[in-house]
């Protein structure tokens, strides 16, 4: 990704780039080094998910860097922010809200109520509001999108690592996709060496997941166009770019 993102920003004239860094540090969570790498590549904001606390340094990192978000529906005493407002290169204000689903996931506060409350807090101060809903169930993600339809610019699902083909503009103007997809090595099982995952299914025993190095890679993303002067989205487009080397999108 560090080599691909700058060119993509120029090609699509992207004003603001959100990267979900949930699995950026060798498959689990984020570290200060990874955050620096992603920011240097062109990320304006980094969202996370249920692995955000995988590294001991995560708490201090989120307290120091307001461009890295953790799910807003974690307990209020959790380090860092779950939402923030940023300025784009074109001097527009973009609100970003990071939420965690509850179906098949760790315990968390209600993402619907927390998300709606945060939208109401930032609505008057934003030209666009983008929601990263890190959740397992497609139904929960779709419910969130319809719940916030007309109130936010986009609801983008993350977590399952597989890009879905259901991108759409909902009736009241909110863009939605169930899952943006994964950036990482191609020819894997959600980013992990296939033989390791197969061994786990066959044996029922815990195994250490490994992310392969080198080889073909993929970058998954969505491009969202907004309507100037309105909170609504004008279009949403899936992107999936394949390269010969994982180092090009790592």
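Quick notes
- Two-decimal log10 I(q)/I(0) for the range 1-114, as the Debye equation yields it once each C-alpha is a single scatterer, q = 0.10, 0.16 Å⁻¹: -0.30, -0.74
- Reciprocal mean inverse distance between Cα atoms of the range 98-204 - Kirkwood radius, Å: 15.1 Å
- The chain: angle of helix 32-41 to the longest principal axis, Cα-based, in degrees nearest 10: 60 degrees
- Most to least packed among 132-142, 27-37, 198-208 [average Cβ atoms within 10 Å]: 132-142, 27-37, 198-208
- The range 133-250: relative contact order as a whole-number percent, Cα under 8 Å and 6+ apart: 25 percent
- Only helices enter the 222 nm calculation for the chain: every DSSP H run of n ≥ 4 contributes -39,500 (n - 2.57), and dividing by all residues gives -6500 deg cm²/dmol, rounded to 500.
- Nearest 10 degrees, 0 to 90: helix 111-122 Cα axis against the chain principal axis: 50 degrees
Just so you know, all these numbers are worked out from the coordinates, no wet-lab data involved. This is a predicted model, so every value here is computed, not measured. With ideal geometry, Cβ positions are generated from the backbone for all residues, glycine too; neighbour counts draw on all protein chains shown.
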